[in-house]
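Structure, as structure tokens:
The values are calculated or read from the model by the stated rules, or taken from the named source; none is laboratory data. If you're wondering where the values come from, they're calculated on a predicted model, not measured in any experiment. Every residue, glycine among them, receives a Cβ derived from its backbone with ideal geometry; neighbour counts consider all protein chains shown.
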Amino acid sequence: MVATDKYNPHEIEPKWQKYWQEKGLLRAKEVEGKKKAYVLVMFPYPSGDLHMGHLKNYTMGDALARFRTQQGYSVLHPFGWDAFGLPAENAALKYGVSPADWTFGNIQQSKESLALMGIQYDWSREVTTCLPEYYKWNQWIFLKMYERGLVYRKKSLVNWDPVEQSVLANEQVIDGRGWRSGALVEKRELEQWYLKITEYAERLLNDLDKLPRWPEKVKAMQRAWIGKSVGAEFEFPVKGHDLKVRVFSTRPDTIFGATFMVLAPEHELVERITTPEQRAQVAAYVAAARMKSEVERQREDREKTGVFTGAYAINPANGKEIPIWVADYVLAGYGTGAIMAVPGQDERDWEFAEKFGLEIVRTVEPPPGWEGKAYTGDGPAINAGFLNGLYVEEAKKKIIAWMEEKGIGQAKVNYRLRDWLISRQRYWGTPIPMIHCDKCGVVPVPYEDLPVLLPTLKDVEEIRPKGKSPLAAHPEFYECTCPQCKGPARRDTDTMDTFFDSSWYFLRYTDPHNTEQPFSPEKANFWMPVDQYIGGIEHAILHLLYARFFTKFLHDLGMVEAEEPFEGLFTQGMVMGWTNVGEVELREGRVYFKDDARRSKLEDSQGIPLEEAQKGGAELRQEEGKTYFWKPAVMSKSLGNGVMVGPFVREQGADIARITILFAAPPENEMVWTEEGVQGAWRYLNRVYRLVAENRLELKAQGALKVATLEGPHKALYQKLHQTIRKVTEDLEDLRFNTAIAALMEFLNALSDYRRREGVTPVFREAVLRYIQMLAPFAPHLAEELWHEFHEDSVFNHPWPVTDPDALVADTFELVVQVNGRLRGRAQVAVGASEEEIKAIARQIPNVAQYLSGKEVVREIYVPGKLLNIVVRD
Ligand code: ANZ
Ligand code: ZN
């Protein structure tokens, strides 16, 4: 079968890809009683031709899925397409093709790239979210949520992205800008659909503790996003009105120090309590605040602004009259939108009080010598009536009990998490299954009428965003009959945020063709939870939080036992390609850009020292007598620096690409795609190939291995084999692909050395066969090819090698250590220890260390397996 002695991926790879397809390798089967492994990579937008940056997590997932197959698990390794959403719409507008055509064209192209890389999925379970057979169940879940009071409609100030011409969820606004468009987000008052994710806040927070195989970083981000605060909500009467200002505070114990109050500019009481003299000033301030983003308003370094309403509140703790102000550092959407300001213990309030000359009273005694402003730490209460002397926690309890007794407030927990705004005024998404009737109000579409089909809009102009949903221009879509009164009614014309689609697709994979339900509980319970989820860190908050929410909801419906969707989560690092920054000149160790724009800037700063540039990963490359400055940058379409899968694989081969990706760096780190990396992968696979090809006749002629009688170098090879099996297995369990491959490379050296000295023997054959099995997750084509030299069936059908515990007991010998020829110590050391290791061990023997201290070592004589003599000068 190995026809030539030259490694030729182009002969090998298509053959085995076809073989795997035909054999249905990685066809997922529910086998009762068999252990299962659900390996999942985040499904992508169909973006057409793929580059190596796209393929890193798929390659990782593929290696893991193959490893689990070899270990004898029932494996589910599915793939699909997050096919609704703006990229398709934007492309449609740009190129004049329909979003559907663009999407399916891209899916086809991407599939080809995946196939070329030998990445195996169970394609019979492919999920494509823009198909009615999928989004019907989005609508079904929406209606179930509506039934349970988790869907509601609300008019409120929402984030409006002026470029996307659509609203955004709070989570989709980053530093005041749209997460995709980068445009400054505006506020608009609109009626929108919300999902009550806040009802799940506590469970979403607590259950993070049940996820030991998630990165701490991601859990911390989710905790911060949920933002639980424990405190109290209570009220202050407004002087001269029959009104109360309710506030939320995490420090109700500081109420005696509340010397003023602050309302958010949007607070409904602002208009009602503002005195005539203050009216103009307050109105102007409120109008200005509306223009600012939340992030801007909360920036700590911003100078505080505000206006006095002219009104006063009564502090219920001490009966003092305190002024009520309006200021934009208080947000309308958090707590009650109003605060009691306690400058003595709160830094923002202190700053505000200082600026506007308001009273400051400390009610917690700062430590002796305190010279700071607000004191936010613990200490005994002072100036605080019946709380005096109590420390913070005690004081909180007492004041809350007092508030409850007086009926003015109670303990309260608040979350930063907001309900999820899910309606979008765009075309390419799931129609919201609701009907508006003049008589009956909002009426859900009956289940039997699902799906509400998204109409095919032929004319691209029709999908151009105009501030309201494109579907609102299509009476043939929205005109309908009210399911309740049978009168004429109107469909909702908004579509769902596409994060809805990706919040449960992993459940659909478990039962993708079900026409009665989104999935059957039985199938879902066999596969769920996902054992290993692999994807980008950019999804740390949104997608993962929503997916956790949906899983809990579906659990509550009795659809799935798991309460958490992803048991293990891995966030892979980016793949970097190279970008030519521009032509440079190198003078006296400094780099000068030739390009005018850069030169004017850099010539003042006298260029960049070459060393500094190289530390940043840059390289100077010569081309036709000119020098260019190249540096690594994340592979992307826009930079045009992606190494494209098709051309690369056709030229070099899939296994080479896979080893290059997996070996370059720890998978959580960035990896830079380099020519050296590719060359290294090629050389390595070539050596593996030759080791088998050049010895194949002798290998086949070997008899059975008798482990008990192994000695000397044969035993050493056997031990090294089992050390390698242990290392590769453990590394694969933890997705440390790079160190697993490093161990295989090291073992290849041992195998070659052995072959040179001892020839082909039964233990050599054993080691080669196990080697091929261990190579299989990483370079599956080559492994399958070599395996078929010795076996009829697939390498993936053979059980993963297990370690022989006896082989892992390392042999040791007694090392004698002399100083100037006299015995000074002994130590037990491993047979295979290197001379460097031996020298280090010797120096750690206390007696030896004593004889060496303060002396100069002039020579060391090592007799392998016996003795180290250290010669010193006084
Ligand atoms: C009085 C007080 C005294 C406060 C003190 C803090 C320290 P977290 O932890 O973020 O929940 N606050 C309440 N609602 C607000 C709003 N809508 N906009 C801006 N700030 C608001 O913080 C809760 C604290 O933030 C509350 O407790 C309130 O100030 C403020 F020594 O009340 B505190
Ligand atoms: Zn009706």
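For the reader, a short list of remarks on this structure follows.
- Test: G118 is surrounded by 16 or more Cβ atoms within 10 Å (Cβ to Cβ), part of a loop (DSSP other than H, G, I, E, B) and in contact with an Asp or Glu (Cβ under 9 Å, 6 or more places away or on another chain): yes
- A395 vs. criteria over 30 Å from Q222 (Cβ atoms), more than 16 Å from ligand 2 (Cβ to nearest atom), modelled with pLDDT of 95 or more and of a type in the set (A, V, I, L, M): yes
- Cβ-Cβ under 9 Å pairs, at least 6 apart or on other chains, the range 430-458 side within 18 Å of L131 (Cβ to Cβ) and away from ligand 1 (no atom under 16 Å from the Cβ), far side at pLDDT 95 or above and of a type in the set (G, A, S): L454/G429
- Any hit, the range 226-237, residues being away from ligand 1 (no atom under 16 Å from the Cβ), touching a strand residue (DSSP E or B) at 6+ places or on another chain (Cβ under 6 Å), more than 30 Å from G379 (Cβ to Cβ) and of a type outside the set (S, T, N, Q): no
- Scan of the range 206-223 for residues that are part of a helix (DSSP H, G or I) and touching a residue at least 24 places away in the same chain (Cβ under 8 Å), ordered by number: D207, K210, K217, V218, M221, Q222
- Residue list for the range 859-874, filter: part of a strand (DSSP E or B) and surrounded by 10 or more Cβ atoms within 10 Å (Cβ to Cβ): E860, I861, Y862, V863, L867, L868, N869, I870, V871, V872
- Number of the condition not met by N749 [criteria: (1) farther than 24 Å from A704 by Cβ; (2) buried (at least 20 other Cβ atoms within 10 Å of the Cβ)]: (2)
- Once the range 261-313 is narrowed to residues that are under 19 Å from A353 (Cβ atoms), more than 15 Å from ligand 1 (Cβ to nearest atom) and in a loop (DSSP other than H, G, I, E, B), the residue that is modelled with the lowest pLDDT is D301.
- Filtered by the rule that a residue be in contact (Cβ under 8 Å) with a residue 12 or more places away in the chain and in a loop (DSSP other than H, G, I, E, B), the range 772-801 gives A776, P777, F778, A779, H788, E789, F790, S794, H798, P799, W800, P801.
The rows are residues; the columns are (1) under 40 Å from the mean Cα position of the chain (by Cα); (2) under 30 Å from W20 (Cβ atoms); (3) at pLDDT 95 or above.
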| residue | (1), (2), (3) |
| --- | --- |
| A750 | yes, no, no |
| Y771 | yes, yes, yes |
| L775 | yes, yes, yes |
| F778 | yes, yes, yes |
| L782 | yes, yes, yes |
| W800 | yes, yes, yes |
| L815 | no, no, no |
| A830 | no, no, no |
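- For the residues I656, I608, the requirement of being of a type outside the set (S, T, Y), buried (at least 16 other Cβ atoms within 10 Å of the Cβ) and closer than 14 Å to L55 by Cβ singles out I656.
- One residue stands out in the range 232-266 among those that are under 20 Å from Y329 (Cβ atoms) and surrounded by fewer than 20 Cβ atoms within 10 Å (Cβ to Cβ): the one that is nearest to ligand 2 (Cβ to nearest atom), namely E266.
- Scan of the range 314-329 for residues that are at pLDDT 95 or above, buried (at least 18 other Cβ atoms within 10 Å of the Cβ) and not in a strand (DSSP E or B), ordered by number: N315, P316, A317, A327
- Filtered residues of the range 333-357 (kept if surrounded by 20 or more Cβ atoms within 10 Å (Cβ to Cβ) and under 18 Å from R246 (Cα atoms)): G335, T336, G337, A338, I339, M340, A341, V342, D349
- Tallying residues that are surrounded by fewer than 16 Cβ atoms within 10 Å (Cβ to Cβ) and assigned to a helix (DSSP H, G or I) within the range 132-154 yields 3.
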